[in-house]
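What follows is a single structure, written as structure tokens, with notes after it.
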Amino acid sequence: MSWISACKLDDIEQEGAIRFDHGGRTYAIYRGPDDSVYCTAGLCTHEAIHLADGLVMDFEVECPKHSGAFDYRTGEALRLPACENLKTYPAEVVDGEVRVALG
Amino acid sequence: MDGIVIIGAGECGTRAAFALREAGYSGSVTLVGAEPHLPYERPPLSKPMNGAVQMKLICATEALVAAGIGYLPGLSASKLDADAGTVTLSDGRVLSYEKLLLATGARPRRLACPGAERALDFRTHADAEAIFSNVAAGHRVAIIGGGLIGMELASVLRGKGVAVSVIEAAPKPLGRAVPQRFAEKLHARHVAEGVRFHLDRGVVAIGDEGVTLTDGSMVPADLVVSVIGVLPETALAEAAGLATGNGILTDTCLRTSAPNVFAAGDCAAVAQPGGGHIRYESWRNARTQAETAARNMAGAAEIFAAIPWFWSDQYDLGLQVAGLPQPGHQRVLRSAAGGELKFYLDDGRVVAAAGLGLGNSLAKEIKLAEMLIAAGVSPDPAALADPGVNLKTLLKNARAA
């Protein structure tokens, strides 16, 4: 697994998300209410809408267009119209730096 | 008694069919759709990808089969006998029902002037194909109607290098559903993008050359699209003696005046707790009413109480409106990254919100506004106006209080 540096923890609001683009793909990186970090594929599985624009509440992110929702820790689709789970990637914080493993 | 029959396989009827299963209903479910395709989403019709009109299915055949939903495409209902509990389809077959859902939607309002038949509608996949397969850069399109659909179409066509004219009978475009401040901003953006507006003018005739207006001027056009609103599809209900007005009238639980017959989506005018009936035309409403109607058909007695919400994308701007802003409401403006938000307060309580900003940048705030509305929060207007005060904090404080 190769880790790459994505952003600083402080770049993400607590209970928030930001967009991260790498290698021609787009991802969303989340900071949970407990400051834990997670990474998922960036686009909703229902339509290609970026989840980083969605509302993060607790460990849930809601698609900004159609209100489909996912548990961003596991990628599980929680609410229609999203029915396909999101791909997730390992993420960690090292010295205030968020690192993700996208391999 | 033969299970549940749903007339109309748009977003509402299709969602209701699946929601019946989610509600535990185990009888037969028959979904009848007038169009030849599998049920599809309408919002993507105005967003062709690489020149082709998208056909984004709501569900695949396998999903219908797996849920045990009988789907009858290419058929409409020609007669409803509410006393007998039967509905006759356009191919002559008669279905008896235990419960019936009318999700018949709405049809485009048509112009009545000479040449009206030359104007294309913009409602179905076939309509979208007819428009987008006939336009190319340099063509001239006249759009009659400056509402949300007309303005969305204008933005897509400008993106393709098409010369666009918008003809609107009212003095301003987007007057009906969009807060004035945002309607003006969107109007200005269209002007900056080169859309020509012919406001405060009616249409006299449509001919080979284009559209003749009430002031005698002529808007030259290679293609004319008419988007002057929709009419609820009530003919079946009306002929069956159901109560109708601006839509099929229902009580707060989406029951029509006939026993065991429900209505939801664009065709339904739903009784409001404060009196009167309201009919909504939006993607979200089609789904939420479908879900309430399905649960009620499966035995619940839920009042439909969702907050209306819609969005509109024009150029790189996204408009979202939640709730029903009224002239008497106190307004609070809040600037946000990428745009601005407006809150509407009634006696201190947040009852509606609207936002206009880049792309989906305001979606989070509008969602939080919806939650503030649903929770009946009365925030300090100064805090609401302060971009430094997180709306999530306002919501959590109100919930904790």
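Quick notes on this structure:
- DSSP beta bridge pairing in chain B, given as percent antiparallel to the nearest 5: 60
- Cysteines in chain A lacking a second Cys C-beta under 4.7 Å: A:Cys7, A:Cys39, A:Cys83
- Remark: mean inter-chain Cβ contacts per residue of A:62-69 equal 5, using a 10 Å Cβ-Cβ cutoff to other protein chain atoms.
- Fraction of beta bridges assigned by DSSP in the stretch B:83-210 that are antiparallel (%, nearest 5): 25
- Modelled this way, with points 7 Å down the Cα-to-C-beta line, the labels at A:Ile18 and B:Gln272 are 4.4 nm from one another.
- Calculated FRET efficiency for the pair B:Ala235/B:Ala337, C-beta based, R₀ 51 Å, to 0.05: 0.60
- Centroid-to-centroid separation of the stretch B:247-263 and the stretch B:23-94 [C-alpha atoms, Å]: 20
- Of A:Ala48, A:Ala17, A:Ala77, the one that fluctuates the most in a GNM where chain A has Cα springs shorter than 10 Å: A:Ala48
- Compactness ratio for the stretch A:1-95: Cα radius of gyration over 2.2 N^0.38 Å (N = residue count) comes to 0.98.
- Among B:Phe18, B:Gly74, B:Ala400 - extreme Cα towards positive end, dipole of the protein assembly as shown, charges at beta-carbon: B:Gly74
- Annotation: for a label point projected 7 angstrom from Cα along Cα→Cβ of B:Gln180, residues of the stretch B:313-330 with backbone N closer than 15 Å are B:325-330.
- The mean sequence separation of alpha-carbon pairs under 8 Å and at least six residues apart, normalised by the residue count of chain B, gives a relative contact order of 14 percent.
- Once backbone amide H atoms are built at 1.01 Å from N, A:Cys7 has A:Val98 as its partners under 5 Å, excluding neighbours fewer than 5 places away on the same chain.
- Whole-Hz Karplus values for the stretch B:102-119 come out as 8, 10, 7, x, 9, 10, x, 5, 10, 6, 10, 7, x, x, 4, 5, 6, 7 Hz, taken residue by residue from phi with 6.51 cos²θ - 1.76 cosθ + 1.60 and θ = phi - 60°; glycine and proline positions read x.
- For the residue pairs B:Lys47/B:Lys79; B:Lys160/B:Lys364; B:Lys56/B:Lys364, the alpha carbons lie more than 32 Å apart in B:Lys47/B:Lys79.
- The slack between B:Asp2 and B:Ile303, meaning 0.36 nm per residue of separation minus the straight C-alpha distance, is 105.8 nm.
- Spin-label model, A:Val93 to B:Ser28: label points 7 Å out along the Cα-to-beta-carbon direction sit 5.9 nm apart.
- Dipole size of the protein assembly as shown about its Cα centre, with +1 on Lys/Arg Cβ and -1 on Asp/Glu Cβ: approximately 580 debye, rounded to the nearest 20.
- Full extension of the chain between B:Asn260 and B:Arg399 gives 46.2 nm of extra length, using 0.36 nm per residue less the Cα-Cα distance.
- Evaluated with a Cβ-only charge set (Lys, Arg +1; Asp, Glu -1), chain B carries a dipole of roughly 860 debye about its Cα centre, given to the nearest 20.
- Amide H within-cut-off set for A:Glu76, under 5 Å, with H built and near neighbours excluded: A:Asp71, A:Leu86
- From the C-alpha gyration tensor of the stretch B:167-303, square roots of 5λ in Å: 39, 19, 12
- The stretch B:165-324 - charge dipole about Cα centre, Lys and Arg +1 at Cβ, Asp and Glu -1, debye rounded to 20: 540
- With the simple model of a label 7 Å out from the Cα in the direction of the Cβ, A:Asp10 to B:Ser90 spans 6.4 nm.
- Considering only B:Ser217, B:Leu148, B:Ala84, and ranking their Cα positions along the charge dipole of the protein assembly as shown that arises from unit charges at the beta-carbon of Lys, Arg, Asp and Glu, the one farthest toward the positive end is B:Ser217.
- The stretch B:275-326, Cα convex hull volume normalised per residue, Å³: 91
- In range of the label at B:Ala126: residues from the stretch B:52-67 whose backbone nitrogen is under 18 Å from the point 7 Å along Cα→Cβ: B:53-56
- Each residue of the stretch A:53-68 was assigned a 3J(HN,Hα) from its phi angle through the Karplus expression (A = 6.51, B = -1.76, C = 1.60, θ = phi - 60°), giving 8, x, 7, 9, 10, 6, 10, 10, 10, 10, 4, x, 9, 10, 6, x Hz with x at Gly and Pro.
- Per-residue Cβ neighbour rank within 10 angstrom, fewest leading, B:Cys12, B:Cys113, A:Cys44: B:Cys113, A:Cys44, B:Cys12
- Amide H contacts under 5 Å for B:Ile248, placed H, 5+ residues apart: B:Ala268, B:Ala269
- HN-Hα J in Hz across the stretch B:8-22 - Karplus 6.51, -1.76, 1.60, θ = phi - 60°, x for Gly and Pro: x, 10, x, 4, 6, x, 5, 4, 4, 4, 6, 5, 4, 5, 4
- For residues of B:366-377, the mean tally of beta carbons on other chains within 10 Å: 1
- Between the stretch B:102-118 and the stretch B:359-383, the alpha-carbon centres lie 37 Å apart.
- Cα convex hull volume per residue for the stretch B:41-141 (Å³): 154
- Förster-model FRET efficiency, 22 Å R0, B:Asp346 and B:Arg107, C-beta, rounded to 0.05: 0.05
- Spread of Cα-to-Cα distances over 20 Å intervals beginning at zero, given as percent, for the protein assembly as shown: 21, 52, 25, 1
- The slack in the chain from B:Lys79 to B:Met218, taken as 0.36 nm per residue of separation less the alpha-carbon distance, amounts to 45.7 nm.
- Cα centroid separation - the stretch A:13-56 against the stretch B:140-177, whole Å: 35
None of the figures in this text is laboratory data; all of them are computed from the coordinates on show. Keep in mind it's a predicted model, so treat the numbers as computed, not measured. Glycine also receives a Cβ, built like all others from the backbone with ideal geometry; neighbour counts cover every protein chain displayed.
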